[in-house]
Amino acid sequence: MISSNTALLLEICTELAVTGGKRAYAGRRAGLKDVQTKTTSTDMVTEFDKATEKYIVNEIRSRRPDDSIIGEEGGSHSGTSNYTWCIDPIDGTTNFLYALPSWSVSIGISDEKSPLVGVVYIPALDEIFSATRGGGAFLNGEQIRCNEITDISKALVCTGFSYSPEHRTVQSKRVSTFIHKVRDIRRLGAASVDICFVACGRVDAYFEENLHSWDIAAAELIAIEAGARSGDFHGGISSPAEIMIACPKIFEALSDLVCEVN
């Protein structure tokens, strides 16, 4: 059983992710009017990234003014409580821009110990992935578990590529060295979606580097609570700089493949 406070945080987190996601989805169908770039010419931000984060941040500030906030689009706040909200208002903005379904609203909450609550909402699929620390992982209210695959050659592996052209070149070369040693490679374009798909068994593993805290804050907890193993490419502690999420019995084999060319 999760505590009443954790249950309340999960309820708020879910409400904000779903409401924000549905608003962004409706807005995208109506058409985009303001598309800009950030770190590179291919790193996009739309008016709905900004509007979704503003809505979520305002709601948190109103309901829980003492909590800290980290937002991808700059909507941050330094609070006095032990809770920190980490928000990616639209993870997979390029997919959103092209009206592809693989994008999400991702909200994670950590306390002084570790990640506590995670919610990833995929509006185009109307799917809510959620987890609480020690409370299991769920998809639309039904508990989920990662696959139990043991053979890396049968693994469907997901990855992502950097916005930096130079980094993409290195990453694509790495994949080319072992793609024949796994079932196949997928590249969906949103870290939170990729990780949640490991959690529910739609893919068997995921790895990426050069991410940010908001990309993984919610989804990593969901995958761990679904039984997946998380770490860096060498099996150490994961970070946004380097993360691998996999079914436990293929983690080490995938680590060996990835690190062969690191």
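The values are calculated or read from the model by the stated rules, or taken from the named source; none is laboratory data. The model shown is predicted, which means the values in this text are computed figures rather than measured ones. Backbone-built Cβ (ideal geometry, glycine too); neighbour counts: all protein chains shown.
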Within the range 154-188, considering residues that are touching a Ser or Thr at 6+ places or on another chain (Cβ under 8 Å) and aromatic (F, W, Y), the one modelled with the highest pLDDT: F161
Residue within the range 166-182 that is assigned to a helix (DSSP H, G or I), buried (at least 18 other Cβ atoms within 10 Å of the Cβ) and basic (K, R) present: yes
Any hit, the range 116-132, residues being in contact with a Pro (Cβ under 9 Å, 6 or more places away or on another chain) and farther than 22 Å from D49 by Cα: yes
Total residues in the range 207-262, condition under 13 Å from the mean Cα position of the chain (by Cα), hydrophobic (A, V, I, L, M, F, W, C) and outside any strand (DSSP E or B): 10
Test set (1) closer than 25 Å to T84 by Cα; (2) crowded, with 17+ Cβ neighbours inside 10 Å - C247 fails condition number: (1)
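Could you pull out the residue among S176, S153, S192 that is within 21 Å of S102 (Cα to Cα), among the hydroxyl-bearing types (S, T, Y) and either over 14 Å from the mean Cα position of the chain (by Cα) or outside the structural domain of L100 (by TED's automatic domain parsing) (or both)?
Only one candidate qualifies: S192.
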Qualifying residue in the range 71-79 (condition: assigned to a strand (DSSP E or B) and not aromatic (F, W, Y)): yes
C158 touching a residue at least 12 places away in the same chain (Cβ under 8 Å), touching a strand residue (DSSP E or B) at 6+ places or on another chain (Cβ under 6 Å) and not in a helix (DSSP H, G or I): yes
Residues being surrounded by fewer than 24 Cβ atoms within 10 Å (Cβ to Cβ) and over 16 Å from A223 (Cα atoms) - total across the range 88-121: 12
